[in-house]
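Undergrad: Got a structure for you, questions after.
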Amino acid sequence: MKSMVRALFLVGTLLLSLAASAGAYTYPVAMNDTVYIGNGPGLYSGGEFYVYNSASRTTSLFSTFCLERNEYINYESAFRVAEISDSAQRGGANITQPPYGDQLDQKTKWLYWNFVQGTLDDKVPDFTYGTAASNEALQLLIWITEDEGVPVLYGGEHNDLINKLSNAYSSDDVIGDVKALNLMDSNGGYAQSLLVAAVPEPGTMVLLGMGMLGLAVFGKRRINR
């Protein structure tokens, strides 16, 4: 069961995927916004997580995964968007990170970009959206890629899918920009690390037309929730 109750919050980071055209796309959250985290498919302390702009948690803004393995989320708490950058600031199992933060790896960006675009199952047919097993494999690979270590709880049960996801990565693939969204709790302490995607600006949505809106915002993701 993934219900996590822990008072200690370090740096919270969400990966933000941007489209290639910075002028046409914007983040679904902004500096100093208040957000709430909800639980999604996956076990133990990893994602998938849902991010909301309301404590009622009626409609999620985006889905996300952890960047830092030894940090936890209290689902009852509100968090403030403190920074959007290329690094996960403070915290995490990688204690040798430089003072300015843990730089995001290009493979992490590729994995998350393809996840939010709905193309990860095209790259790796064994990956199935909305399932705990696939989400756990993706979460583990993100932690491994970010030098966060491998949790012994998993016992190697997802190694085959992890290897397939890892081997599918290509540095030649063109992806949108992906950044880290750093969160703080209500007391000003750094919080957990997760993942998210950008959406078109309102003016761009009008130009795209209503028929394209769902595709532009959510890509091909096939998740019922």
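Undergrad: Once both labels are modelled 7 Å past Cα along the beta-carbon direction, what's the THR128-THR34 spacing in nm?
TA: 3.9 nm
Undergrad: If you stretched the chain out fully between GLN103 and THR59, how much longer would it get, using 0.36 nm times the residue separation minus the C-alpha to C-alpha distance?
TA: Details: separation 44, 0.36 × 44 = 15.84 nm, distance 3.06 nm.
The span from GLN103 to THR59 would gain 12.8 nm if fully extended.
Undergrad: Tell me which residues come under 5 Å, amide H to amide H, from ALA180 once H is placed; ignore anything under 5 positions away on its chain.
TA: Result for ALA180 returns LEU16, SER85, ASP86, SER87.
Undergrad: Summing +1 for each Lys or Arg and -1 for each Asp or Glu, what net charge is found among the other residues whose Cβ lies under 9 Å from the Cβ of ASP147?
TA: Details: positive: none; negative: ASP102, ASP105, GLU146, GLU148.
Taking every Cβ under 9 Å from that of ASP147, the sum is -4.
Undergrad: Next question, about the same structure. Show me 164-176, 66-78, 113-125, 31-43 ranked by packing, highest mean number of other Cβ atoms within 10 Å first. Show your work: numbers first, answer last.
TA: Numbers: 164-176: 14.2, 66-78: 21.4, 113-125: 19.5, 31-43: 17.2.
By packing density, highest mean first, the sequence is 66-78, 113-125, 31-43, 164-176.
Undergrad: Rounded to whole Å, give me the distance from the Cα center of region 25-75 to that of region 110-175.
TA: Here the answer is 18 Å between Cα centres.
Throughout, read-outs are computed from the coordinates displayed, never taken from laboratory work. Remember, predicted model here, so these are calculated numbers, not experimental data. Note that we place each Cβ from the backbone using ideal geometry, even for glycine, and neighbour counts take in every protein chain shown.
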